[in-house]
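Enquirer: The structure under discussion is supplied below as structure tokens; questions concerning it will follow.
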Amino acid sequence: MLFNSLQYLVFLPTVFLLFWLTPHRFRVPLLLVASYVFYMSWKPLYGLLIFGLTLANFLLVPFIEKATVHKKLILGITVAINLITLGIFKYAYFTMDAVKTTLGFAGVDWKEPHLHIILPLGISFFVFEFIHYAIEVYRGKAVVKNFLDFALFPSFFPTQIAGPIKRYQDFVPQLHIPVKFKWEYVDEGMQLILMGLAKKVLIADNLALVVQAGFAHADQFSPLDMWMITYAFAFQIFFDFAGYTDIARGSSLLLGYKVPINFNLPYIASNISDFWRRWHISLSTWLRDYLFIPLGGSRGSKWMTYRNLFITMALGGLWHGAAFHYLAWGAYQGVVLIAHREYEAAMQKIGVHEKLLKSKVYHWASVVFTFHVVCIGWVFFRADDMKIAGQVLSKLFEAPGALLHFSAAQLAVLQIRDPIIFPALVLILPVLMVSTFVINWMNDKKFYQSPPWAVQVTVMVALMCLLTIFTPDSSPRFIYFQF
Amino acid sequence: MGILRSKFFISVALFAAVSSLFAITKLGNIAPTDFPIHTWTGWAVEDFLSDKQGRPQFVFLGSSLVLVPVSGVDADYLKHPIDGSHHHQSQYFEDQFKKQSGMQVKTFNFGLPGEMPSDAFLITKFLLKGEKRPDVIVYGVGPRDFMDNLLPSPAATDPYQYLSRFGDVSSHRHLIAPEWDQRLNLELGQLFYSYGHNYDLSVSSQRLATTALNELLPAPKTDKPFTINDRRVLFPLYKPMEIASKEAYFRPTTPKERTFDNSNMVEYKKRYSHLNWRTFTHQMKFLADLMSTARDRGTQVILISMPITDLNRDLLEKGTWDSYKKSLKVLAQSKGASYIDLGDSKQFALSDFMDTVHLHSGGGMKLLDILAEKAAQDRRVMSALDATNSSIAGLKGGQL
């Protein structure tokens, strides 16, 4: 069931009504049933998978808490069960391909078996939630004693498919608070849902058309076109995923629950570390807490820290998908994070004047530079394979030369008049870039905390009109559903 | 805070008011004859309604089962390629019928790719009337028209998108939207103008945006302008049904060039698997309503069970072929239509087909010969023609 489907338009109000009409003690079972209905509406059989993993973790993790010896071993077994499940469903083909290629180099022609595996929706997200739970209990936090509470933690339908990756210490206690209905929940929740749908349907889906054509036929576009297409992808993936997150948060809020934010204006980050504090926050904090720190974090030597950083980001890349281009994207993030640390150290060593580093010019130049570094990374992420990534990147690096003899005739985006999004890109991209700064300014002025009543209503009415007019019959799935 | 103070519910109320205002002012409304995308349907409707067409005596209805052989025959017969977007007659049939009956008739081929009986019904109900009412409708059907389980609903075809704009389809809403979510979609469209008319509104706003952008950012002049073919390479899934003028040609063929290809068996296997009886009965209902509508207007229907290959027929689930044939026969009898059963006729061999269901131009010629002969011998057909034509020669009488 997709958030942007008619099924969800019926499902969510039904759950909402039943939830608030049901006495508090029956709400968790109700949400659990609703969440399994939501999940199994796609492939009923995979309900067994999430249930099986839930049961395994529920039974195993208390042994970690109770163990006086072999605590680490039990944790290892628990984590392994989760990772093996993820590995089978997500990385089996990738591993077989890698083995086949390696054997091919050795002259062995291995006929790999065909496994007929379909990636279960949301598996990467709920597996990470289980691992977080096991590690937190290992670190001394309390186990969840009630099975229904525990079962709802990974399956909670608003966050089930593409996060945000929740923390059980934040989520489970909310289940015990006998929340009373407030109209604020509806107002705030629906505002988030409408905003999320607009981000997905009005912006991301339209940009997708440009991006799809650009990455499939890079040879048909000039270097300057490719930069615009890459910018378009940067905004597409942001609005797609942020849109999903808004709908998830809005849906949760309708039921009186809060789930963490996932984005904080990532494209105004002034360096790559700052970017990762603003982008997919629930994943980046998970990677920090359950991969980077266990690997040793920043506790060792500089090179050990860099090694840990690189491994964390490379595996983070692979988490997104079983393909070399995702691995390359993760590795690229690791390299630029390391480069950023080196740069900061060098600046300190050289003794660059602090006044310069804190100047507005330096800050905005850093924002623009960081955005472009991120965009180059997105090429690995979006390309279907490394060959295409190479083609697109080589086009991007030809841009300085193309700028020297620039003429509008070079721009294929201006030649293509249908779909209209192509020439419109020249106007839309600057608007999207500027809007990021405007929103940041409004955040600073705390405008969002109490926007005038009339503004809120006008925005909602406008969004309802726009969504009903421009929602296509079929919208592409959210990008993060595939992970 | 009560519901009356909820910002969301106030917004919903205001949205309903705004939507009603749109409805009153008919904001962005575009005429049904205004085709932003020209598909086979658009070209055919536009041509049919144009003054140059006049009133055809015979209208052919059907899917590609009809379109392909009828147009292919004319390419062979006229000995030049014919543009599928503009050629909507059967010259060959007109000449053959004249030979058989002595009567000069005018034909219009409304065969469209993917046309279901629901689409044929809409063509009949909304277009084949008044000054454009034909005397005879020739409707060629195949099992796919009633058993395509890949089709989510009658509203999912390209012809439906355009034909449903010509009139009120609410009397058939239970057939058009059989699933609850399809029905909800339809009802929401009725309730909120901005949703029900979102096609009109989005087309109108796109046109406005295009005009503004052409002013603001005109396309730079280049030696090689961007064409529809370039667009097809870049966005194969964008406007997939669109065809440009002079893009789809039926070319003359020689018997040697007419080869058989059975590769569409896989596609038909999927279409026929797990027969949905509801689709079957709903499409039969549309066929029945088509026949009733035509009869009420004095138009005679010739229903043809189109020839298909044994290979294709064998893909059907057990019993479905018999149900299909029996339903057609009973329906034709009850509605006073003429029925030509060629479904498993021995008159057609595998060599008459280009694939497992479509006749090639050679097979098409055979089909039109049979049709011309049977129509000329059919008293009801000739009477229907007689009612509007004063001079009829060669009425041979007899039923089909």
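Enquirer: Looking at B:Asp310, B:Asp289, B:Asp314, B:Asp296 in this structure, which one is touching a helix residue (DSSP H, G or I) at 6+ places or on another chain (Cβ under 7 Å) and surrounded by fewer than 22 Cβ atoms within 10 Å (Cβ to Cβ)?
Expert: Unique residue meeting the criteria: B:Asp289.
Enquirer: For the range B:167-193, name all the residues that are among the polar types (S, T, N, Q), within 10 Å of chain A (Cβ to nearest Cβ) and out of contact with any Leu (no Cβ under 7 Å at 6 or more places or on another chain).
Expert: Listed by number, the list holds a single entry, B:Gln182.
Enquirer: Is there any pair linking a residue in the range A:216-229 that is away from chain B (no Cβ under 12 Å) and on the phi < 0 side of the Ramachandran plot to one that is buried (at least 23 other Cβ atoms within 10 Å of the Cβ) and charged (D, E, K, R), with Cβ under 8 Å and at least six apart or on different chains, and which?
Expert: A:Pro223/A:Lys395; A:Met226/A:Lys395
Enquirer: A follow-up question, please. Just a yes or no: is a residue in the range B:26-37 in a helix (DSSP H, G or I) and either of a type in the set (Gly, Ala, Ser) or within 14 Å of chain A (Cβ to nearest Cβ) (or both)?
Expert: For the range B:26-37, residues in a helix (DSSP H, G or I) and either of a type in the set (Gly, Ala, Ser) or within 14 Å of chain A (Cβ to nearest Cβ) (or both): absent.
Enquirer: Take the residues in the range A:293-309 that are of a type in the set (D, E, K, R) and either within 11 Å of A:Ile338 (Cα to Cα) or in contact (Cβ under 8 Å) with a residue 40 or more places away in the chain (or both); name whichever of them is surrounded by the most Cβ atoms within 10 Å (Cβ to Cβ).
Expert: A:Arg307
Enquirer: Just give me the residues in the range A:418-468 being among the hydroxyl-bearing types (Ser, Thr, Tyr), facing chain B (nearest Cβ under 10 Å) and either outside any helix (DSSP H, G or I) or surrounded by fewer than 18 Cβ atoms within 10 Å (Cβ to Cβ) (or both), in sequence order. First the steps, then the outcome.
Expert: Going through the range A:418-468, the residues among the hydroxyl-bearing types (Ser, Thr, Tyr) turn out to be A:435-436, A:448, A:450, A:458, A:468.
Narrowing further to those that are facing chain B (nearest Cβ under 10 Å): A:458, A:468.
Listed by number, the list holds a single entry, A:Thr458.
Rundown of residues vs (1) more than 14 Å from every other protein chain (Cβ to nearest Cβ); (2) buried (at least 18 other Cβ atoms within 10 Å of the Cβ); (3) touching a helix residue (DSSP H, G or I) at 6+ places or on another chain (Cβ under 9 Å); (4) in a helix (DSSP H, G or I), yes/no style:
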| position | (1), (2), (3), (4) |
| --- | --- |
| A:Gln7 | no, no, yes, yes |
| A:Phe11 | no, yes, yes, yes |
| A:Val15 | yes, yes, yes, yes |
| A:Trp42 | yes, no, no, no |
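Enquirer: Kindly indicate whether A:Ala204 is in the same structural domain as A:Phe470 (by TED's automatic domain parsing), touching a Leu at 6+ places or on another chain (Cβ under 6 Å), buried (at least 21 other Cβ atoms within 10 Å of the Cβ) and not charged (D, E, K, R).
Expert: Considered against the rule, which asks whether it is in the same structural domain as A:Phe470 (by TED's automatic domain parsing), touching a Leu at 6+ places or on another chain (Cβ under 6 Å), buried (at least 21 other Cβ atoms within 10 Å of the Cβ) and not charged (D, E, K, R), A:Ala204 comes out as no.
Enquirer: Of all residues in the range A:186-203, count the ones that are more than 10 Å from every other protein chain (Cβ to nearest Cβ) and of a type outside the set (Lys, Arg).
Expert: Initially, the range A:186-203 is screened for residues more than 10 Å from every other protein chain (Cβ to nearest Cβ), giving A:192, A:195-203.
Remaining after also requiring of a type outside the set (Lys, Arg): A:192, A:195-198, A:201-203.
Selection size over the range A:186-203: 8.
Enquirer: Residues to consider are B:Ala156, B:Ala219; find the one that is touching a Lys or Arg at 6+ places or on another chain (Cβ under 7 Å) and facing chain A (nearest Cβ under 10 Å).
Expert: Testing whether each residue is touching a Lys or Arg at 6+ places or on another chain (Cβ under 7 Å) and facing chain A (nearest Cβ under 10 Å) leaves just B:Ala219.
Enquirer: Say whether the condition of being in contact (Cβ under 8 Å) with a residue 12 or more places away in the chain, aromatic (Phe, Trp, Tyr) and within 30 Å of A:Ile161 (Cβ to Cβ) is met by at least one residue in the range A:388-408.
Expert: No, the range A:388-408 contains no residue that is in contact (Cβ under 8 Å) with a residue 12 or more places away in the chain, aromatic (Phe, Trp, Tyr) and within 30 Å of A:Ile161 (Cβ to Cβ).
Enquirer: Go through the range A:234-249 and give me each residue that's crowded, with 24+ Cβ neighbours inside 10 Å and closer than 17 Å to A:Ala389 by Cα.
Expert: If the condition is that a residue be crowded, with 24+ Cβ neighbours inside 10 Å and closer than 17 Å to A:Ala389 by Cα, then A:Ala234 is the only one that fits.
Enquirer: So, one more: Considering only helices (runs of 4 or more DSSP H) fully contained in the range B:162-203, which possess at least 1 residues that are out of contact with any helix residue (DSSP H, G or I) (no Cβ under 7 Å at 6 or more places or on another chain)?
Expert: The helices (runs of 4 or more DSSP H) meeting that bar are B:173-176, B:180-191.
Enquirer: Does A:Val413 satisfy the criteria of being in the same structural domain as A:Phe221 (by TED's automatic domain parsing), of a type in the set (A, V, I, L, M, F, W, C), within 23 Å of A:Phe238 (Cα to Cα) and not in a loop (DSSP other than H, G, I, E, B)?
Expert: For A:Val413, the condition - in the same structural domain as A:Phe221 (by TED's automatic domain parsing), of a type in the set (A, V, I, L, M, F, W, C), within 23 Å of A:Phe238 (Cα to Cα) and not in a loop (DSSP other than H, G, I, E, B) - is met.
Enquirer: Same structure again: So which residues in the range B:56-82 are outside any helix (DSSP H, G or I) and touching a strand residue (DSSP E or B) at 6+ places or on another chain (Cβ under 6 Å), if there are any at all?
Expert: The answer is B:Pro56, B:Phe58, B:Val59, B:Phe60, B:Leu61, B:Gly62, B:Pro81, B:Ile82.
Condition check ((1) surrounded by fewer than 22 Cβ atoms within 10 Å (Cβ to Cβ); (2) not aromatic (Phe, Trp, Tyr)) across all residues:
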position: B:Leu150; (1), (2): yes, yes
position: B:Thr157; (1), (2): no, yes
position: B:Tyr160; (1), (2): yes, no
position: B:Asp168; (1), (2): yes, yes
position: B:Leu184; (1), (2): yes, yes
position: B:Tyr195; (1), (2): yes, no
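Enquirer: For B:Ser20, are the conditions met, namely being within 14 Å of another protein chain (Cβ to nearest Cβ), in a helix (DSSP H, G or I) and at pLDDT 95 or above?
Expert: Spelling it out, B:Ser20 is indeed within 14 Å of another protein chain (Cβ to nearest Cβ), in a helix (DSSP H, G or I) and at pLDDT 95 or above.
Enquirer: Going through the range B:223-256 one residue at a time, which ones are hydroxyl-bearing (Ser, Thr, Tyr) and either more than 12 Å from every other protein chain (Cβ to nearest Cβ) or over 23 Å from A:His217 (Cα atoms) (or both)?
Expert: Answer for the range B:223-256, where residues must be hydroxyl-bearing (Ser, Thr, Tyr) and either more than 12 Å from every other protein chain (Cβ to nearest Cβ) or over 23 Å from A:His217 (Cα atoms) (or both): B:Ser245, B:Tyr249, B:Thr253, B:Thr254.
Enquirer: Still on this structure, I have one more. Looking at this structure, is A:Ala80 more than 14 Å from chain B (Cβ to nearest Cβ), closer than 19 Å to A:Tyr290 by Cβ and at pLDDT 90 or above? Write out each step before concluding.
Expert: Numbers: more than 14 Å from chain B (Cβ to nearest Cβ): yes; closer than 19 Å to A:Tyr290 by Cβ: yes; at pLDDT 90 or above: yes.
Criteria met by A:Ala80.
Condition check ((1) over 26 Å from A:Tyr36 (Cα atoms); (2) among the acidic types (Asp, Glu); (3) outside the structural domain of A:Ala323 (by TED's automatic domain parsing); (4) touching a helix residue (DSSP H, G or I) at 6+ places or on another chain (Cβ under 7 Å)) across all residues:
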{"residue": "A:Thr85", "(1), (2), (3), (4)": "no, no, yes, yes"}
{"residue": "A:Tyr93", "(1), (2), (3), (4)": "yes, no, yes, no"}
{"residue": "A:Val99", "(1), (2), (3), (4)": "yes, no, yes, no"}
{"residue": "A:Gly104", "(1), (2), (3), (4)": "yes, no, yes, no"}
{"residue": "A:Pro113", "(1), (2), (3), (4)": "yes, no, yes, no"}
{"residue": "A:Leu119", "(1), (2), (3), (4)": "no, no, yes, yes"}
{"residue": "A:Phe125", "(1), (2), (3), (4)": "no, no, yes, no"}
{"residue": "A:Glu129", "(1), (2), (3), (4)": "no, yes, yes, yes"}
{"residue": "A:Arg139", "(1), (2), (3), (4)": "yes, no, yes, no"}
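Enquirer: List pairs: first residue in the range A:258-269 and within 26 Å of A:Phe156 (Cα to Cα), second residue in a loop (DSSP other than H, G, I, E, B) and among the basic types (Lys, Arg) anywhere in the structure, Cβ distance under 8 angstrom, at least six positions apart or on different chains.
Expert: Close Cβ pairs (under 8 Å, with a partner that is in a loop (DSSP other than H, G, I, E, B) and among the basic types (Lys, Arg)) amount to A:Val259/A:Lys166; A:Pro260/A:Lys166; A:Pro260/A:Arg167.
Enquirer: Mind checking which helices (runs of 4 or more DSSP H) fall wholly inside the range A:145-226 and carry at least 2 residues that are under 23 Å from A:Leu265 (Cβ atoms)?
Expert: Per the criteria, A:183-197, A:205-216.
Here is a yes/no grid of residues against (1) over 31 Å from the mean Cα position of the chain (by Cα); (2) within 21 Å of A:Tyr267 (Cβ to Cβ):
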position: A:Leu337; (1), (2): no, yes
position: A:His340; (1), (2): no, yes
position: A:Ala346; (1), (2): yes, no
position: A:Val352; (1), (2): yes, no
position: A:Ser359; (1), (2): yes, yes
position: A:Ala365; (1), (2): no, yes
position: A:Val368; (1), (2): no, yes
position: A:His372; (1), (2): no, yes
position: A:Cys375; (1), (2): no, yes
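Enquirer: Next question, about the same structure. With the checklist (1) farther than 30 Å from A:Ala399 by Cα; (2) modelled with pLDDT under 95; (3) within 14 Å of chain B (Cβ to nearest Cβ) in hand, flag the one item A:Gly163 doesn't pass.
Expert: Exception for A:Gly163: condition (3).
Enquirer: So for the range B:38-60 (the condition being surrounded by 15 or more Cβ atoms within 10 Å (Cβ to Cβ) and within 14 Å of chain A (Cβ to nearest Cβ)), does at least one residue qualify?
Expert: yes
The values are calculated or read from the model by the stated rules, or taken from the named source; none is laboratory data. What you see is a predicted model, and the numbers here were worked out from it, not measured in a lab. Backbone-built Cβ (ideal geometry, glycine too); neighbour counts: all protein chains shown.
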